[in-house]
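Comments concern the structure below.
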Amino acid sequence: MSFRNIKKELRHSQENLLEAQRVAHVGNWEYDFNTNEVTWSEEVFQVFGLTPTPEQLNFDQVEKLIHPEDRDFWQTSVYEIVAI
């Protein structure tokens, strides 16, 4: 497979992922432990009712968006995942 075809397939796959996230109203995010930055997919911004921005969020900013009644569960879940 040529480089051009690989790029085309990758772009198509990315478009499918974004469409699936939009339809299901779910998204994905990544956390960089070295920089404390969180990268969200566009749909995660939509879930939280925010306008997508190119700026990275940090962990503390994200944590403030979690409903207060859910924060303990969320923190415990995140810390368990980090410990793995």
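Selection within the range 54-84: residues that are within 14 Å of residue 29 (Cα to Cα) and assigned to a loop (DSSP other than H, G, I, E, B). The member of this set that is nearest to the chain's Cα centre (by Cα) is 56. Scanning the range 30-53 for residues that are under 29 Å from residue 83 (Cβ atoms), among the hydroxyl-bearing types (Ser, Thr, Tyr) and not in a strand (DSSP E or B) turns up 35, 41. Residue count for the range 38-70 under the criterion of being within 24 Å of residue 15 (Cα to Cα) and touching a strand residue (DSSP E or B) at 6+ places or on another chain (Cβ under 6 Å): the result is 6. Across the range 16-29, the qualifying residues are those that are in contact with a strand residue (DSSP E or B) (Cβ under 9 Å, 6 or more places away or on another chain) and part of a loop (DSSP other than H, G, I, E, B), and the one among them that is most open to solvent (accessible area, probe 1.4 Å) is 28.
Kindly indicate whether residue 6 is surrounded by 14 or more Cβ atoms within 10 Å (Cβ to Cβ) and at pLDDT 90 or above.
On the way: surrounded by 14 or more Cβ atoms within 10 Å (Cβ to Cβ): no; at pLDDT 90 or above: yes.
For residue 6, the condition - surrounded by 14 or more Cβ atoms within 10 Å (Cβ to Cβ) and at pLDDT 90 or above - is not met.
The values are calculated or read from the model by the stated rules, or taken from the named source; none is laboratory data. Just so you know, these numbers come straight off a predicted model, no measurement behind them. Neighbour counts are summed over all protein chains in view; Cβ atoms, including those assigned to glycine, are modelled from backbone coordinates with ideal geometry. These area figures cover heavy atoms from the full protein model, side chains too; ligands, DNA and RNA do not enter into them. Shrake-Rupley method; radii C 1.70, N 1.55, O 1.52, S 1.80 Å.
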